[in-house]
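Structure, as structure tokens:
The values are calculated or read from the model by the stated rules, or taken from the named source; none is laboratory data. Predicted model only: the values in this text are computed from it and were never measured. Methodologically, a virtual Cβ is constructed for each residue, glycine included, from the backbone with ideal geometry; neighbour enumeration extends over all protein chains shown. With ligands, DNA and RNA removed, areas are computed over all heavy atoms of the protein, side chains included. Shrake-Rupley method; radii C 1.70, N 1.55, O 1.52, S 1.80 Å.
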Amino acid sequence: MQRRVEREIRKQKRFKTAFEAAGLSDAAAAAGSKLRALNEKYRAFSKASGLPEQRERMRVQYVDDASYAKAEKLLEKSSRSGILKDTGYQGVPITEEAIQRVPLVQPEGWSIEQAERLQAAHRDLLRAVMDKPVGTEAGAVYTPDMRLIERKIGKEHQISIPQYAEPYVFIHNHPSGLTFSISDIENFGTRFDLEIMTAVGNDGTIYFLQKIAEYSPAGFSKALLMEQQKLQKLQTPQEYAEEINWFLEGAAQYGIRFISRR
């Protein structure tokens, strides 16, 4: 266990250095946050096990090619699409009727009370942008027991997905009322501590993703790559949305639960 944590610390140090070199400040900060959590885990485990800490094993002399490759991929993605992108339809105005229509969605393993707090969080998020220009996105981060960590309203109408080193829930609004974008799904798959992500449409529609016990990152990543190739051939936002929903309905085989509810 000590060796495993030491390897993960070395890996995160390499990532942090590579991200900083690429100018990816958000990714570097996320790696730094994960480093702090890993160091705390290492100290606690070593103390509980009566093992001496071996800090020399966590020194990093170089940054490997894999870390630079990951940084290059993130840089390319951020220059191409560093923000959550909706599916192309124009936003619709938010009304109180739409807010009241936001349905209850109960994540696997959650009580009804927790699900009701999630429903209230969706309604609060829509109210936060109700008086903003149509098309404005907002996002909020919660703990798995639905304690608010932060809420942000996007500059220039859109908002990025944050990254944390502890389990969390991320909700955001989709002005068009359509389904998740491919960028949403990529971020959900690669942020392993992101347990639940939702998109609430300005019309009150809910789209929901949850990683469950059988989640297979490798299998889902491979399937997502194939799906991206299919999406490139589509012509209209409606075709895009229908294909995304079809893909996500089949993602149960990789340990992802998808719900679409009006």
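Among the residues of the stretch 14-35, those identified as open to solvent by 60 Å² or more (accessible area, probe 1.4 Å) and either of a type in the set (Ser, Thr, Tyr) or touching a residue at least 60 places away in the same chain (Cβ under 8 Å) (or both) are Thr17, Ser25, Asp26. Within the stretch 149-159, being open to solvent by 20 Å² or more (accessible area, probe 1.4 Å) and under 26 Å from Trp110 (Cβ atoms) holds for Ile149, Glu150, Arg151, Lys152. Would you check which residues across the stretch 237-253 are surrounded by 14 or more Cβ atoms within 10 Å (Cβ to Cβ) and touching a residue at least 24 places away in the same chain (Cβ under 8 Å) and list them? Correct list: Pro237, Tyr240, Ala241, Ile244, Asn245, Phe247, Leu248, Ala251. Candidates in the stretch 36-53 are the residues that are open to solvent by 60 Å² or more (accessible area, probe 1.4 Å) and not in a loop (DSSP other than H, G, I, E, B); of these, the one that is farthest from Gln2 (Cα to Cα) is Arg36.
The single condition from (1) modelled with pLDDT under 65; (2) in contact with a Leu (Cβ under 7 Å, 6 or more places away or on another chain); (3) part of a loop (DSSP other than H, G, I, E, B) that Lys85 fails is (2).
Among the residues of the stretch 186-205, just one is among the acidic types (Asp, Glu), in contact with a Phe, Trp or Tyr (Cβ under 9 Å, 6 or more places away or on another chain) and in a loop (DSSP other than H, G, I, E, B), namely Asp193. Taking the stretch 217-246 as the range and being touching an Asp or Glu at 6+ places or on another chain (Cβ under 7 Å) and either of a type outside the set (A, V, I, L, M) or more than 15 Å from Ser183 (Cβ to Cβ) (or both) as the test, the residues that pass are Lys230, Leu234. You will find that of Ala218, Ala213, the residue that is open to solvent by 30 Å² or more (accessible area, probe 1.4 Å), without any contact (Cβ under 8 Å) to a residue 12 or more places away in the chain and farther than 16 Å from Trp246 by Cα is Ala218 and no other.
Residue-by-condition table, conditions (1) open to solvent by 40 Å² or more (accessible area, probe 1.4 Å); (2) under 17 Å from the mean Cα position of the chain (by Cα); (3) of a type in the set (Ser, Thr, Tyr):
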site	(1), (2), (3)
His172	no, yes, no
Asn187	no, yes, no
Thr198	no, yes, yes
Thr205	no, no, yes
Leu224	no, yes, no
Gln235	yes, no, no
Gly255	no, yes, no
Phe258	no, yes, no
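Each residue in the stretch 206-262 was checked for being outside any strand (DSSP E or B) and touching a strand residue (DSSP E or B) at 6+ places or on another chain (Cβ under 7 Å), and 8 pass.
Say we look at the stretch 113-148 and pick out the residues that are closer than 14 Å to Glu96 by Cα and of a type in the set (Gly, Ala, Ser); which of these is most open to solvent (accessible area, probe 1.4 Å)? Going through the qualifying residues, I end up with Ala120. Is it true that Ser183 is closer than 30 Å to Ser33 by Cβ and open to solvent by less than 30 Å² (accessible area, probe 1.4 Å)? Yes: the conditions hold for Ser183. Residue check: is Lys11 surrounded by 13 or more Cβ atoms within 10 Å (Cβ to Cβ), modelled with pLDDT of 85 or more and either in a helix (DSSP H, G or I) or in contact with a Leu (Cβ under 9 Å, 6 or more places away or on another chain) (or both)? It is true that Lys11 is surrounded by 13 or more Cβ atoms within 10 Å (Cβ to Cβ), modelled with pLDDT of 85 or more and either in a helix (DSSP H, G or I) or in contact with a Leu (Cβ under 9 Å, 6 or more places away or on another chain) (or both).
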